[in-house]
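Worksheet for the structure shown next.
The values are calculated or read from the model by the stated rules, or taken from the named source; none is laboratory data. Everything quoted here is computed from the prediction, not taken from an experiment. Note: ideal-geometry Cβ built from the backbone for every residue, glycine included; neighbour counts use all protein chains shown.
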Amino acid sequence: MSTKEITVILTCQDQGRLLNPSIQSLRAAIRKAESGLGVAIEWIIAADTPSEQTEEYLLYNQPPRSRKLFTGGGCTAVAANQAVKEAEGKFIALVCGDDLVSSNWLTQAYTESSGRTAGFVFHPGLVVAFGETRRLAIPPDQEDPDFSRDVLFSRNLWPSVSLAAREVFLAHPFSYEDRARGFGHADWYWVCDTVAAGIVHKPLPGTLACCRQSKTHACVAPEPCRSVLMPPSKLFPVLKQCEV
Amino acid sequence: MKNLLSAIRHHRDIKTIKDSALFDERYYLAHYADVAQSGLSPIEHYVKIGSDQGLKPNAFFDDLYYRDANPDLRNSHTNPLAHYIMFGAREGRNPSRSFDTRYYLSQHPDVAQAGVNPLWHFLTHGAAENRETNDARGQALSAESRILYDELAQIEPLLPVFDDLEFLPLDQVARESLAGRAYFKLSRLVNRPFTHLFVLSRLIHGGADRLAMHYVNLVKEKRGAHSALVLLADLPDRPARHLLGDGVQMIVLDDVQPGMSQEEKIQVVARFIIEAQPQVVHNVNSIIGWEVFSRYHRQLRPRTSLVSSLFTCHYNQGGRRVGLVPQYLNQCIDHVDLILTDNAAFKTDATNFYSLEARNQDKIVVAPTPVADEMHEPDKQAGDSKRILWASRLHYDKRPEVLAAIAQALPDFTFDVYGVSYLAASELEALTQLSNIHMKGSYAHFEELPTAGVNAYLYTTRHDGLPLALMEAIAAGLPVIAPDIGGTCELINNETGWLIKKDDDVAAYVEALRICQSNPEERLRRARNAQDLLKRHHSWASFARTVAGVAQYHLS
């Protein structure tokens, strides 16, 4: 029987010292949630094929009461999926090593989630993109009467920062990116996969995340890359081919 | 009386809405496909029928919301949009959840000063200027958010200053996606598994589309009608729909979702292939198909075999290569599995011009077009006739000036000219002014052309592959006089017709026509030889054997 309510999973790869702001923001959020809610929180830092700089950073700066999980799959989806499998928490809070979350994020997201059934994923209510590009995004509410899932055909709508029941992540693992074959958009794919399963994505007004934008990481990019496609998704079903 | 009042009200509302320019006809037609068949103009449909059904006159006006949000209108017959135009905007009522009239006017004083309808301003100017339609940003950037954000800015100094967030571009999520809407509609239309997806530009009576239908029929013959799916991706034209085999499903992308851009179509077709995973996608003259192959071949192969048909290189009036071949062949041949053509001349030209490697040469397979196995006996009565048939597109490529010069040189001959004209008035006049040229208008099928009493089929052209018209003329029993262009020599030589070495050699054409007319025996001999050649190389059996023998086409 798990004694943990929440498992925080911080995914990373080659961020090195850039992990520091992300970790600091999570420490504050975890502190606030533990003291305010009185719940036990597990913290896994899940690194896939970490760069030397990331390994070195974590060697000297691993947060207290966190544990490291290293995988060698070639993309952070591998580390995230493994961490979900090993997580003890009833809820998973997923944060990418390029993102910072507001100190109230965990508290608010857990409070909302624990009062509902498992079919919800919560995201910050405001996203500030910084770094190579700067912009704001206000993620939509899937329960808004004006929401149309058609839009998910053209772009991702929610950031990877999310909190949901562990079974949601177990039932919908992240897909491994296959850049050589031009398949990517792991976050977008995950959103489509969950929406296809009837899971509802909701923003939490009053919470925020800041996402570092770089060539390899674009949080809720308004324009998907032209030559990269999402792998086949359950959200877009077509009858499959005849057997050969 | 009630009907009269209703008609007056509708008339008044239509005028009000029309004058306001708040009815987006393109939006309405793109979203509600039945409207085009209703017999009403889109605006009439909206006022008389659509509004009550909750159809939206533009992306930001929601009739149902407007009625719900304004209880004073619930039992009224007033059209919500007409009410908003006449009263609602001034009274600060909102046209939909996502457009706040008061906010828009307060944030954009220039609009308030101009006294124009705020929704009209947004639709015509504000959207392109990224003006915000509600206070979502203000609510998100609350005093509480500032405190939380400043905590993070202590940790990450590269974050913008909070006050600057007010000026950052806001990623306003589109409330709908035409491509997404199209995709879901398309996927619902496909009701059975298929193995071969044919992506065509359109379906007209041209040689390329007719050949495409032969491939469709071959798939039907070998694997069943359900195995082939035809998608008209670029244009909705389909006058040759009757060529589609019974039981084969055809979907017209522009009918599924009108109003899509080329980019949206590319995304829809790419996703459709990714999800359906057919064994073969066969592209015939579709730019959408080529763009999908060009961009997404890595994702589509090897599960799906990418096949394109190409026939010849086109040239513009300056003599430069134009069209699909220069645009796509060189950049795509490394990434497609098969190029199907109907003439060996094309393969030779492409190989030489692009210096293709052996592996890419092998991808070009020549499968001669099948023609009807039934041949008509040449008309012996027309042996000394001076009536000549010319049938093709009336286009610069077809050398109308050579046709005119031939007719001038043979005043005792008559020329029945068929085909749609793409000529300028002056070019057309050069033909029509000649008394022995009879312009007969367009035609849909060669078989419908009268051939009794015709001495020969004359073909003039500047560039070509292996025109279907030549084969159809031979099958109709006509001797053919044609220039040595493209793959013509694969069919016409001096045993099977008259091959003119230079495409502008008027004297050679004239001489050939005279010989053909004055030697009925020779005319008959060559016409029959051509039919024998056609039977050997252009039979359905040889076509089916050739294509079925290509592993990448997955017919066996």
Residues in segment A:12-32: is at least one closer than 15 Å to residue A:86 by Cα, part of a strand (DSSP E or B) and of a type outside the set (Phe, Trp, Tyr)?
no
Within segment A:111-121, considering residues that are out of contact with any Leu (no Cβ under 8 Å at 6 or more places or on another chain) and within 18 Å of residue A:171 (Cβ to Cβ), the one nearest to the other protein chains (Cβ to nearest Cβ):
A:120
Only listed residue being within 14 Å of chain B (Cβ to nearest Cβ), hydrophobic (A, V, I, L, M, F, W, C) and touching a Lys or Arg at 6+ places or on another chain (Cβ under 8 Å), chosen from A:138, A:92
A:138
State all residues of segment A:152-177 that are part of a loop (DSSP other than H, G, I, E, B), over 22 Å from residue A:101 (Cβ atoms) and more than 9 Å from chain B (Cβ to nearest Cβ); if no residue qualifies, say none.
A:173, A:175, A:176, A:177
Examine segment B:208-220 for a residue that is of a type in the set (Ser, Thr, Tyr), at the interface with chain A (Cβ under 7 Å from one of its Cβ atoms) and over 30 Å from residue A:151 (Cα atoms), and state whether such a residue exists.
no
A careful count of residues in segment B:1-53 that are farther than 20 Å from residue B:84 by Cβ and touching a His at 6+ places or on another chain (Cβ under 7 Å) gives 2
Residue set A:94, A:136, A:100, A:106; condition free of Cβ contacts under 8 Å to residues at least 60 places away in the same chain, of a type outside the set (D, E, K, R) and crowded, with 21+ Cβ neighbours inside 10 Å; output residue A:136
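Residues are listed down the side, and each one gets a yes or a no for (1) under 21 Å from residue A:158 (Cα atoms); (2) touching a Leu at 6+ places or on another chain (Cβ under 9 Å); (3) modelled with pLDDT of 90 or more:
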residue	(1), (2), (3)
B:154	no, no, yes
B:159	yes, yes, yes
B:162	no, yes, yes
B:168	yes, yes, yes
B:173	yes, yes, no
B:181	yes, no, yes
B:185	no, no, yes
B:189	no, no, yes
State which residue is surrounded by the most Cβ atoms within 10 Å (Cβ to Cβ) when the search covers only segment B:273-283 and only residues that are within 10 Å of chain A (Cβ to nearest Cβ) and either in contact with a Gly (Cβ under 7 Å, 6 or more places away or on another chain) or within 19 Å of residue B:189 (Cα to Cα) (or both).
B:278
Among strands (runs of 3 or more DSSP E) completely within segment B:427-509, the ones holding 3 or more residues that are under 31 Å from the mean Cα position of the chain (by Cα), at pLDDT 95 or above and assigned by TED's automatic domain parsing to the domain that holds residue B:340 are none
Those helices (runs of 4 or more DSSP H) lying entirely in segment B:125-206 with at least 1 residues within 9 Å of another protein chain (Cβ to nearest Cβ) and in contact (Cβ under 8 Å) with a residue 24 or more places away in the chain
B:136-140, B:178-189
Residues within segment B:284-298 that are buried (at least 24 other Cβ atoms within 10 Å of the Cβ), within 14 Å of chain A (Cβ to nearest Cβ) and in contact with a strand residue (DSSP E or B) (Cβ under 7 Å, 6 or more places away or on another chain), tallied:
2
Determine whether segment B:533-541 contains at least one residue that is at pLDDT below 95, assigned to a helix (DSSP H, G or I) and buried (at least 21 other Cβ atoms within 10 Å of the Cβ).
yes
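Residue-wise test of (1) within 13 Å of chain B (Cβ to nearest Cβ); (2) surrounded by fewer than 22 Cβ atoms within 10 Å (Cβ to Cβ); (3) more than 21 Å from residue B:166 (Cβ to Cβ).
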| site | (1), (2), (3) |
| --- | --- |
| A:123 | yes, no, yes |
| A:131 | yes, yes, no |
| A:146 | yes, yes, yes |
| A:150 | yes, yes, yes |
| A:179 | yes, yes, yes |
| A:189 | yes, no, yes |
So is residue B:270 buried (at least 18 other Cβ atoms within 10 Å of the Cβ), at the interface with chain A (Cβ under 10 Å from one of its Cβ atoms) and of a type in the set (Gly, Ala, Ser) or not?
yes
Among B:311, B:346, which is among the aromatic types (Phe, Trp, Tyr), away from every other protein chain (no Cβ under 14 Å), in a loop (DSSP other than H, G, I, E, B) and surrounded by 15 or more Cβ atoms within 10 Å (Cβ to Cβ)?
B:311
Just checking, how many residues over segment B:19-69 are among the acidic types (Asp, Glu) and assigned to a loop (DSSP other than H, G, I, E, B)?
2
Those residues of segment B:542-556 which are assigned to a helix (DSSP H, G or I) and among the hydroxyl-bearing types (Ser, Thr, Tyr), in sequence order:
B:542, B:546, B:553
Residues that are of a type in the set (S, T, N, Q), within 28 Å of residue A:140 (Cα to Cα) and surrounded by 22 or more Cβ atoms within 10 Å (Cβ to Cβ): does segment B:64-73 have at least one?
no
